[in-house]
Amino acid sequence: MENLEDFKHETVLSNARKMCLAALTAPKARGNDNLVIKIASGDDIKRISDKLEELFEKTGQEFLHRDSQNILAAEAIVLIGSRIVPLGLDCGYCGYPSCGAKPKNVPCFFNSDDLGIAIGSACSTALQTKTDSRVMFSAGLAAKELNLLDDCPLVLAIVLSASGKNIFFDRK
């Protein structure tokens, strides 16, 4: 007889992998894939939590402390980041008249848009696999600060768990 606790962690990790695949195959502007996708678990979650705590001490923003504690109960964190790569459309959506006029550190609109679409695809997969999830920019910021996604300046995190009640909602 199997007990839930014996396979819960591996099941959530398996679902996280499916979420990564969904993010990878999500539509991207002009077919250009500028995303970096990884899964954090175990000690990596602790590192992200510690960085959030460090950011809290630096800024005093209470939600950073709350999130640093909350993610410690996560089974896994899907991290999705985007590199800044202008697509050469000269659309002006970034606020500059052309891609050439845009400073290198200003994201192309389509880099941010592709990231959002990938996050949506991944969260849809979490829903389909009945895995509790929450998108956290704070954990993404900590991962970015730790350079966990190869110098991606845009990073979002999807924290995952499986329990009788989603631990990422109704937080204090």
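The values are calculated or read from the model by the stated rules, or taken from the named source; none is laboratory data. All values derive from a computational prediction rather than experimental measurement. With ideal geometry, Cβ positions are generated from the backbone for all residues, glycine too; neighbour counts draw on all protein chains shown. Remember, those area values only see protein heavy atoms, side chains included, never the ligands or the DNA or RNA. Shrake-Rupley method; radii C 1.70, N 1.55, O 1.52, S 1.80 Å.
With helices as the sole contributors, the chain gives -14500 deg cm²/dmol at 222 nm; each DSSP H run of n ≥ 4 counts as -39500 (n - 2.57), and the sum is divided by every residue.
Between Leu13 and Met1, the contour length at 0.36 nm per residue exceeds the Cα-Cα span by 2.2 nm.
With the full set of protein chains in place, find how many percent of the accessible area of the chain is carbon and sulfur; take the probe as 1.4 Å. Carbon and sulfur: 53 percent of the exposed surface of the chain. 3J(HN,Hα) couplings calculated from phi for the stretch 136-146 with the Karplus curve 6.51 cos²θ - 1.76 cosθ + 1.60 (θ = phi - 60°) are, in sequence order, 10, 5, 5, 5, x, 4, 5, 4, 4, 4, 7 Hz; Gly and Pro show x.
The mean accessible area for residues of the stretch 62-118, using a 1.4 Å probe and ignoring ligands and nucleic acids, is 47 Å² per residue. For a Förster distance of 25 Å, can you work out the FRET efficiency between the beta-carbons of Ile117 and Ile39, rounded to the nearest 0.05? That pair, Ile117 with Ile39, gives E of 0.85. Rounded to the nearest 20, the Cβ-based charge dipole of the stretch 30-172 about its Cα centre (Lys and Arg +1, Asp and Glu -1) stands at 200 debye. Applied to the stretch 25-41, the Karplus parametrisation 6.51 cos²θ - 1.76 cosθ + 1.60 on θ = phi - 60° returns per-residue 3J(HN,Hα) values of 8, 4, x, 9, 4, 6, x, 8, 9, 10, 8, 10, 10, 9, 10, 9, 8 Hz, with x for Gly and Pro.
Among (i) 34; (ii) 20; (iii) 29, find the value of percent of Cα pairs over 27 Å apart that was calculated from the structure presented, and write down its label. Looking at percent of Cα pairs over 27 Å apart for this model, the match is (iii). Please work out whether the stretch 131-172 counts as rounded, prolate or oblate from its C-alpha gyration tensor, where a ≥ b ≥ c are the square roots of the eigenvalues and a/c under 1.5 means rounded, while otherwise a/b larger than b/c means prolate and anything else oblate? It comes out prolate by the Cα gyration axes. Determine the shape class of the stretch 1-99: with a ≥ b ≥ c the square roots of the Cα gyration tensor eigenvalues, call it rounded for a/c under 1.5, and otherwise prolate if a/b is greater than b/c, oblate otherwise. Since a/c reaches 1.5 but b/c is at least a/b, the shape of the stretch 1-99 is classed as oblate. GNM on the chain, alpha-carbon springs under 10 angstrom: the most fluctuating residue among Thr59, Thr11, Thr129 is Thr59. The residue list Asn166, Ile119, Leu148 was ranked by how far each Cα lies along the charge dipole of the chain toward its positive end, using unit charges on Cβ atoms, and Ile119 comes out on top.
Computed from phi, the 3J(HN,Hα) profile of the stretch 53-62 under the Karplus parametrisation 6.51, -1.76, 1.60 (θ = phi - 60°) reads 5, 4, 5, 4, 4, 6, 10, x, 6, 4 Hz, with x in place of Gly and Pro. Applying the criteria of a DSSP loop state and at most 14 other Cβ atoms within 10 Å to the chymotrypsin sites (Phe, Trp or Tyr not before Pro) of the stretch 57-142 yields Tyr93. Cross-link pairs exceeding 32 Å in C-alpha to C-alpha distance, out of Lys28/Lys58; Lys18/Lys144; Lys51/Lys104; Lys18/Lys102; Lys38/Lys102, comprise Lys28/Lys58; Lys18/Lys102.
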